[in-house]
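In what follows, a structure is listed as structure tokens, so that the remarks can point back to it.
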Amino acid sequence: MADTRFSFTKDQHQPSQKCSRRDFLKLSGLASLTLGLTACGPAAEDDTAQDAASDAAAASFGDNGILRVGMEAAYAPYNWQATTESEYTIPIENVSGAFADGYDVQIAKAVAEGMGLEPIAVKLEWDGLIEALGQGQIDVIIAGMTATDERRESIDFTDPYYVGTYGLMVKAGSQYENATSIQDFSGAAVLGQKDTLLDTVIDEIEGVNHLSPVPSVPDQISNLLAGSCDAITFDVGNIQSMADAHPELVGIIFDEGKGFSEEVPVNIGLAKGQDDIVSQMNDTLATISEDERQEIWAAAVERQPE
């Protein structure tokens, strides 16, 4: 198993020890943020409200030396809930005696160390993550989230820390098992995960029966096993672990140029107005080589629960 522990050298712009939110803001230059209150009219009021929310989130970032990381803790190998503490885990703040592990958690540990903070997971439903960020309940989203144009209207993102691709999964023996193109699924009933690219990419299939999405990947799998759909979308990077957990399912990887059209970057989400923090996190992410990222991913896949 690959060793995914990190040891980073902090530069002169990063705190060398645990710091309060106020101290961190002084170091990052965010304490000087001010509200633009001179505009008028409904649009200006909306902008002012968003600015106020962004400033409030910035003011609460890293309180008591803690980086509060929002995630589902139910999306292995990105993140999952564990009952035993290990060198790979962090505590889950709102679940007594529980810990979070996964690829996202190792990234959270890395960026937190780069800022002199201690990471703690906050377990939330997927569709509540962005709202929780805006309300200051969490400092960052590290949960396998992609920086889409729609999400960028609400929050900011770092550079990608993982880039994946999507495929389709079917039951063994399915008429689609030997498909070589996503267009072979024309007319098939395909199911995605709500509010994710796992749902929106389905529309690339011409003539597809695009089913109403479900809240989680486990829900996708349950529906496929129950025969409620012909196929589900999935992250190709997770193909081996899904096959190990569900040998009755088959992951389809399509011929070159015949699959879904784009790669899927995964980014850290932050409340707007924290450019200095985004920059610091990008600096830390840049120190993790592609080889290291692959080792971390492979180790997370190996550790994840069945």
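Every number in this text was worked out from the coordinates using simple rules, so none of it is lab data. Source: prediction; values computed, not measured. Note: ideal-geometry Cβ built from the backbone for every residue, glycine included; neighbour counts use all protein chains shown.
General remarks:
- Working from label points 7 Å from Cα in the Cα-to-Cβ sense, the ASN94 to ALA243 distance is 3.7 nm.
- Look at the alpha carbon pairs under 8 Å that are at least 6 residues apart: their mean separation over the length of the stretch 166-252 gives a relative contact order of 43 percent.
- The gain in end-to-end length when the ASP203 to SER289 segment is fully stretched comes to 27.6 nm, 0.36 nm per residue minus the alpha carbon separation.
- Working ranking of peptides 221-232, 83-94 by packing, defined as the average number of other Cβ atoms within 10 Å per residue, highest first, is 221-232, 83-94.
- Three-way shape call for the stretch 166-252 based on the alpha-carbon gyration tensor, with the a/c threshold at 1.5: rounded
- Peptides 283-293, 97-107 ordered by average Cβ neighbours within 10 Å, highest first: 97-107, 283-293
- Antiparallel content of DSSP bridges confined to the stretch 166-252, in %, to 5: 60
- Per-peptide packing, taken as the mean over residues of other Cβ atoms within 10 Å, places 169-175, 128-134 in the sequence 128-134, 169-175 from highest down.
- Amide H contacts for TYR75 (H built 1.01 Å from N in the peptide plane; partners 5 or more residues away or on another chain; cut-off under 5 Å): TRP80.
- Near-label residues of the stretch 90-109 by backbone N, under 14 Å of a point 7 Å along Cα→Cβ of ASP159: none
- Estimated FRET transfer efficiency when R0 is 22 angstrom, pair ASP219-ILE253 (beta carbons, to 0.05): 0.45
- Here the stretch 91-141 and the stretch 228-258 have alpha carbon centers that stand 28 Å from each other.
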